[in-house]
Amino acid sequence: MSDLRPVLIAGQGLAGTAVAWRLWERQVPFLIVDPQAEQTSSKVAAGLVTPITGMRLNLSWRMATLAPEAVGFYENIETRLGLKFYHPAPHVRLFKNERELKIWETRSTAPELQPWLEPAPPAPLVDETSFHGELGGFQQRHSGWLDTAAYLETSRTFFAAQQRVQTGEVDDQDLAVTAEGVTWQGLDFSHVVFCRGWQESGSSRFFPWLEFDAARGVIATLRTDVVEHRILNRGAWMLRRPDGAWRAGSTYEFDFNRPLEDSVAEVRRKLEGLLKAPYEITAAQAGVRPIIKRLPAVVGRHPSHERVCVLNGLGSKGVLRSPTMARLLVEHLLDGSELDAEVDVRSHP
């Protein structure tokens, strides 16, 4: 692709920001348009990179390839910006009931899990005066978390200095799309890439068939005297930020109008199963995860409009998946590389 026109990126969450960085690596011009809402899924996100997840204690989708690329991607941007926002940290999964313990008895020796398990975890696994660890658990390595708010803000500042950012929204109806390109507000672009998360659901002019199963998550900020550098999970997760504050969560809600105080009460109930020590909730935030049913992500060109593209459906794994998915999209546009049918939006009309 030798087209010198910029790419229009609609949305600057984890997906849109990753697309911007991948284009920047290839010296392709772009314009990010984002409304800069105070609370979005990407800004609120826990940012966890967790190898072994879910009730069935399975390895996260394509973890062996996605994780190294994601970590390298963030480390390169940290070097460029002179800031730190990806934090490697062991992740402790504590069993909350006998059912989880029994599942782990059958899963613990699975070959695919071994590279991600700490072979010599501490004993006891946690300080049982501060945490509920009666049933034991396991410690994961090659895990960590991204300070998503800092990453998004510093990226925006970097791109804004190059006049590649505009505050606003891309109204689908304002786009003129032809086989040669895209026009928006009198400006010409080679492509448009929609990275708008769950807001793509329902009212999208180009991708109305995407079947979202979006879920709201509420995360609390805590104050506690507990001393612990690892990520802990027992029904709820907790992690300590460099400034000493803790974050904990999360809820999984389909009622987006649920009062925030009700969601915070649910976070408290979850924390009771993990944390014994006193704590105080000082703040709470809500975001909506962009989940697309039965798919880990969607990426690629519109079936009928070559110049219209999408990167969406990253769910709660945006930190892990966005660097690779953005690279695949950019290589598809610039080099003609084929997309994997599992994530190619054209394979899921």
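What's the magnitude of the charge dipole for the range 158-200 around its Cα centre, counting Lys and Arg as +1 and Asp and Glu as -1 at the beta-carbon? Answer in Debye, nearest 20. Don't skip to the end; give the middle numbers.
Numbers: 2 positive and 7 negative charges, 49 e Å.
Roughly 240 debye, rounded to the nearest 20.
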Most fluctuating residue given options GLU253, GLU98, GLU118, as computed from a GNM of the chain linking Cα atoms under 10 Å: GLU98
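Can you give the Rg/Rh ratio of the range 137-257, where Rg is from the C-alpha atoms and Rh is the Kirkwood radius? Can you show the working numbers first?
Numbers: Rg = 20.2 Å, Rh = 18.7 Å.
Computed over Cα atoms, the ratio is 1.08.
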Shape metrics for the range 235-278, restricted to C-alpha atoms - Rg then Dmax, Å: 11.6, 33
Here the range 170-185 yields Karplus 3J(HN,Hα) values (6.51, -1.76, 1.60; θ = phi - 60°; whole Hz; Gly and Pro given as x) of 8, 7, 3, 6, 8, 8, 9, 10, 10, 5, 9, x, 10, 10, 9, 6
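Report D for the range 55-189 in µm² per second (integer): Stokes-Einstein, Kirkwood Rh on Cα pairs, 25 °C, 0.890 mPa s. Present the calculation step by step, with values, prior to reporting the outcome.
Numbers: Rh = 19.2 Å.
Reported coefficient: 128 µm²/s.
Taking the Cα centre of the range 132-257 as the origin, how large is its charge dipole in debye, to the nearest 20, when only Lys and Arg (+1) and Asp and Glu (-1) carry charge on their Cβ atoms? Can you show the working numbers first?
Numbers: 12 positive and 17 negative charges, 142 e Å.
Charge dipole of the range 132-257: 680 debye, to the nearest 20.
Which value in deg cm²/dmol, rounded to the nearest 500, describes the helix-derived mean residue ellipticity at 222 nm for the chain, given -39,500 (n - 2.57) per DSSP H run of n ≥ 4 and division by the residue count?
On the way: 7 runs with 89 residues, N = 349.
My calculation for the chain gives -8000 deg cm²/dmol from helical runs alone.
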When the distances between all Cα atoms of the range 185-323 are binned every 5 Å from zero, what whole-number percent does each bin get? 2, 9, 16, 16, 15, 12, 10, 8, 6, 3, 2, 0
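Considering only the chain, what is the antiparallel percent among its DSSP beta bridges, to the nearest 5? Don't skip to the answer; put the middle values down first.
Values: 45 of 63 bridges.
So the antiparallel bridges amount to about 70 percent of the total.
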For the chain, what does the accessible surface come to per residue with a 1.4 Å probe? Please give it in Å². 44
When the dipole is taken about the Cα centre of the chain, and only Lys, Arg (+1) and Asp, Glu (-1) are charged at their Cβ, what size is it in debye, to the nearest 20? 540
For the chain, build the charge dipole from Cβ charges (+1 Lys, Arg; -1 Asp, Glu) around the Cα centre, then report which of VAL298, LEU4, VAL218 sits farthest towards its positive end. VAL218
Rounded to one decimal in Å, the inverse mean reciprocal Cα-Cα distance for the range 206-258, i.e. its Kirkwood radius, is 13.4
Determine the principal axes of the Cα atoms in the range 157-210, then give the extent along each, sorted from largest to smallest and rounded to whole angstroms. 37, 27, 14
The range 142-210: relative contact order as a whole-number percent, Cα under 8 Å and 6+ apart: 16
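Relative contact order (percent) for the range 1-150, with alpha-carbon contacts under 8 angstrom and 6 or more residues of separation?
Values: 181 pairs, mean separation 43.8, N = 150.
Reported relative contact order: 29 percent.
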Lysines near LYS43 by alpha-carbon distance under 25 Å, same-chain residues fewer than 8 away left out - which ones? LYS84, LYS270, LYS293, LYS317
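Let me check against my output: what whole-number percent is the relative contact order of the chain, with C-alpha pairs under 8 Å and at least 6 apart?
On the way: 699 pairs, mean separation 86.1, N = 349.
It comes to 25 percent, rounded to a whole number.
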Please turn the phi angles of the range 108-115 into ³J(HN,Hα) values with the Karplus equation 6.51 cos²θ - 1.76 cosθ + 1.60 (θ = phi - 60°), one per residue in order, whole Hz, x for glycine and proline. 4, 9, 4, x, 5, 8, 4, x
Check ALA89: other-chain or 5+ apart residues with amide H under 5 Å from its amide H, H built from backbone geometry? SER143, GLY144, TRP145
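Find the Cα radius of gyration of the chain, compare it with 2.2 N^0.38 Å by division, and give the number to two decimals. Don't skip to the end; give the middle numbers.
Working: Rg = 20.8 Å, N = 349, 2.2 N^0.38 = 20.4 Å.
For the chain, the normalised Cα radius of gyration comes out at 1.02.
Highest first, please rank the peptides 237-243, 275-281, 189-195 by the mean number of other Cβ atoms sitting within 10 Å of their residues.
Numbers: 237-243: 16.7, 275-281: 14.6, 189-195: 25.0.
Result, highest mean first: 189-195, 237-243, 275-281.
Given a Förster distance of 56 Å, report the FRET efficiency between GLU118 and ASN257 from their Cβ-Cβ distance, rounded to the nearest 0.05. Please report the intermediate quantities before stating the final value.
Details: r = 42 Å, r/R0 = 0.74.
The pair GLU118/ASN257 has a calculated efficiency of 0.85.
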Grab every C-alpha pair in the range 1-131, bin the distances at 5 angstrom width from 0 up to the longest one, and report whole percents. 2, 7, 13, 16, 16, 13, 11, 9, 6, 4, 2, 1, 0
How large is ³J(HN,Hα), in whole Hz, for each residue of the range 135-149 in order, when computed from phi with the Karplus curve 6.51 cos²θ - 1.76 cosθ + 1.60 and θ = phi - 60°, using x for Gly and Pro? 9, x, x, 8, 10, 9, 10, 6, 10, x, 8, 9, 6, 5, 5
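The values are calculated or read from the model by the stated rules, or taken from the named source; none is laboratory data. Quick caveat: nothing in here was measured; it's all calculated off a predicted structure. Note that we place each Cβ from the backbone using ideal geometry, even for glycine, and neighbour counts take in every protein chain shown. Only protein heavy atoms, including side chains, enter the accessible area calculation; ligands, DNA and RNA are left aside. Shrake-Rupley method; radii C 1.70, N 1.55, O 1.52, S 1.80 Å.
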